[in-house]
Amino acid sequence: MNAVSWLILCMVVTAGAVQLVRYLQRDDASPPLPGLTPRSFPDSNGLRVLHGLEQSPWAMLAAQRGWRMETQIMMGTVGRLDIHLPRDAVSVSVTGHAGAPPGAVAHTTLRLPTPDPGAALADRETLSGLLGQMGRQLDPAAHQSWLPELPGPQGLSYHRGQLTLALPLHIDQLPKALAGLRTLAHAMEMARFPPWAKVALKHGWPLTLTATGPTLTASLKGFEIKARLLGQTESLRCTLRCVCPEGVPALTLNHIEHGHGEPEAVPHLIANTLLHIRALDPQGLGKDLHDETLFQGILTVVHGYPGSSLTQKRIELVSPGDLGIGLEEALVAVAELAQALEGRAWNSGRS
């Protein structure tokens, strides 16, 4: 390092030290609140901003709760107090400026770590419906009211893994704002799967979100169908499951290319060609498969969605991806097959 570089470095260090001494020795200086960490060396205007933030109700509350705090001068007359709520995984940023009354703040921003909502952020109609299921209302036309129970214009955005809500927030409204932001984030996570959310809202079926993905509980033709979406974006897999009605004989039907073991022949040419069949009574099953409604229902599910199966206990439809706009059609196919199984007199016509 040459002499000029050393001189510049010494000047920077000296200036920083002078500002720090001024900050610590100012006339109105008070002991910093527990957990408060200055992130810059402010000038005289900045000192007034920082002092105002330190005396604000937000800083007092954070100190009482043991929340970590940091101050930062954004510009000479504008500063920010960042409060980190580790238990809630939320950070609150409070902005103040030199002209504000002591303890007053100009703006607040809440940030919550959230998976990328994609297009869900702009789909206010779907979000409104999902929030309605959660007991909250969102007016699709009110673009500045993401949390209707809180007054004032609100700006919602997503950046670098965080859902950010900027709004004029009084400290007493913090619990309500945090609860509303979490609910909104949860609705956005479900809205990331538009076909599932729209089908759930259309029929009033419950849609929940687990660590593996969304789960939809459908009720069709008197049968309950559990639909689950598993995996990541590149390897999504959808399963629809329905308990079979009583009376179905011991059998396992798969797509011809997806069965296990040696298939058994039944007196039904098309069934032997398209299905992998295992049955306790192959001859009797062959007679049952001549029921056109039943056979068509089996083909639609078991052959139409390779990897699906019909056993004595349940119908399972399996499909890669999230089924998209075909989700409702697949649910109907499972329900119609269950209905055909229920309507079949399994022992009639047998010797």
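The values are calculated or read from the model by the stated rules, or taken from the named source; none is laboratory data. Everything numeric here is computed off the predicted structure, so don't read it as measured data. Cβ: placed from backbone, ideal geometry, glycine included. Neighbour counts: every protein chain shown.
When the stretch 75-93 is filtered for residues that are at pLDDT 80 or above and farther than 24 Å from P115 by Cα, the ones remaining, listed by number, are V78, G79, R80, L81. Among the residues of the stretch 57-71, those that are surrounded by fewer than 20 Cβ atoms within 10 Å (Cβ to Cβ) and either among the hydroxyl-bearing types (S, T, Y) or farther than 15 Å from I171 by Cα (or both) comprise G66, R68, E70. With a requirement of 2 or more residues that are of a type in the set (D, E, K, R) and within 20 Å of E246 (Cβ to Cβ), the helices (runs of 4 or more DSSP H) lying completely within the stretch 256-351 that satisfy it span 282-288, 327-343. Quick check: anything in the stretch 228-235 under 19 Å from V334 (Cα atoms), of a type in the set (S, T, N, Q) and under 32 Å from the mean Cα position of the chain (by Cα)? Checking the stretch 228-235: not a single residue is under 19 Å from V334 (Cα atoms), of a type in the set (S, T, N, Q) and under 32 Å from the mean Cα position of the chain (by Cα). Residue count for the stretch 236-257, restricted to those that are without any contact (Cβ under 8 Å) to a residue 60 or more places away in the chain and either among the basic types (K, R) or over 18 Å from F295 (Cβ atoms) (or both): 2.
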